[in-house]
Amino acid sequence: MLPISTEPMQIRTSKIIDSKGDGPWYEALFSDGRNNVGLICDTPGSVNDDHYHPDFNEFWIILKGSLEFEIGDFPTIHAHKGDVVLAPAGERHLIRTIGNESSVRLHVSKIGSDHASRKDRGNQTAPYPTQKEPPNLLHTTLDSVIEQLGEPQWVTSIIKDSLNTANLVYSAPGTPHDAHWHPEFDEWWTILKGELTWDLGEKRPVYQVTEGDIMYLPRGLKHHILTQGSETSFRLAITDSEGLHVFQEGDEDAPPPRE
Ligand SMILES: [Fe+2]
Ligand SMILES: [Fe+2]
């Protein structure tokens, strides 16, 4: 298992992708105590070893290129940069890179689970689930959530299960976000679009974070996030499933944020 970081981390996936080239390659990034998180780069036409996990929902954030996902017996999903794809527990998943360029996906996978359980795709296609709104859709695109929820600012849960909550935040430049801290859970974000800053207080640098970056924050640090520039931003914020005890300045009985 990768060590769980107790200091903030900014991971520029675009730099990793540029330096490692067209692939195939794998880069382990970090563990948040629940999940292993890493980058998978595949070349056009390549396919993973299809499998399923009985014990957790796996999801991916597409960072580059185009992919097809066969999940269970559902119709094939076509996913592109910025999309989130979910394989529910027990559903076989086969992942194929399509088009002319390599694909890169961020995987979020339960620690300690195995990837060895196999089953065949059924003879018949199952109807796509009728659920249209998040959370836990097989396939979430930014365009489809904008269609449902409109212009910023909003937050919606894309994934909500016993392991993780992944909240998609759509924010306009300059929109205030209340500085807060949570002593009991770490939080990390993948920036899907736009430019933002993470202000962690006077004693730490302000992080300039942009599309493709991952920002990881250990529990207890106060954070103030602001969308910069002229573009709206999308970020996927991933925490544990509970998200308990979030404090703001002035809250009675708030434990102080860590230094
Ligand atoms: Fe998997
Ligand atoms: Fe937070």
So for the range 145-192, using the alpha carbon gyration tensor with a ≥ b ≥ c as root eigenvalues (a/c under 1.5 gives rounded; past that, a/b versus b/c decides prolate or oblate), I'd call it oblate
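Using packing as a proxy for protection, rank 94-102, 146-154, 23-31, 114-122 so that the peptide with the highest average count of other Cβ atoms within 10 Å comes first.
Working: 94-102: 17.0, 146-154: 12.8, 23-31: 15.4, 114-122: 10.9.
Per-residue Cβ counts within 10 Å, averaged per peptide and sorted highest first, yield 94-102, 23-31, 146-154, 114-122.
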Any aspartates and glutamates whose Cα falls less than 14 Å from that of LYS64, other than same-chain ones fewer than 8 residues away, would be ASP18, ASP22, ASP42, ASP83, GLU101, GLU211, ASP213
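Give the relative contact order (percent, whole number) for the chain; include only Cα pairs under 8 Å separated by 6+ residues.
Values: 638 pairs, mean separation 48.2, N = 259.
Relative contact order of the chain: 19 percent.
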Loop only by DSSP, 10 or fewer other Cβ within 10 Å of the Cβ. Give me the chymotrypsin sites (Phe, Trp or Tyr not before Pro) in the range 170-206 that pass, ordered by residue number. none
Between the modelled labels at ALA126 and GLN228 (7 Å from Cα along Cα→Cβ) the distance in nm is 4.5
What number comes out for the charge environment of HIS224, summing +1 per Lys or Arg and -1 per Asp or Glu over other residues with Cβ under 9 Å away? -1
Taking the Cα-to-Cβ direction at ASP251 and at LYS110 and moving 7 Å from each Cα, how far apart do the two end points lie in nm? 2.9
Over the chain: helical MRE at 222 nm, DSSP H runs n ≥ 4 each giving -39500 (n - 2.57), nearest 500: -1500 deg cm²/dmol
For the pair LYS119 and VAL155, how long in nm is the line joining their label points, each one 7 Å along Cα→Cβ? 3.6
So which of LYS15/LYS81; LYS15/LYS203; LYS110/LYS160; LYS132/LYS160; LYS81/LYS222 end up more than 19 Å apart, counting from Cα to Cα? LYS15/LYS203; LYS81/LYS222
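Relative to the present Cα-Cα distance, how much length would full extension add between ASP73 and ILE146 at 0.36 nm per residue of separation? Intermediate values should be presented prior to the final figure.
Working: separation 73, 0.36 × 73 = 26.28 nm, distance 2.79 nm.
Contour length minus the Cα-Cα distance gives 23.5 nm.
Compute the Cα gyration tensor for the range 140-239, then decide on rounded, prolate or oblate, letting a ≥ b ≥ c be the square roots of its eigenvalues: rounded whenever a/c is under 1.5, prolate when a/b is larger than b/c in the other cases, and oblate in all that remain.
Working: a/c = 1.92, a/b = 1.20, b/c = 1.61.
In terms of gyration-tensor shape, oblate.
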At 0.36 nm per residue, minus the direct Cα-Cα distance, what do SER241 and LYS15 gain on full extension? Give it in nm, one decimal, please. 78.3 nm
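Values quoted throughout were computed directly from the atomic coordinates according to the rules given, and no laboratory measurement underlies them. What you see is a predicted model; the values in this text were computed from it and never measured. Using ideal geometry, Cβ is built from the backbone for each residue, glycine included, and neighbour counts are taken over all protein chains shown.
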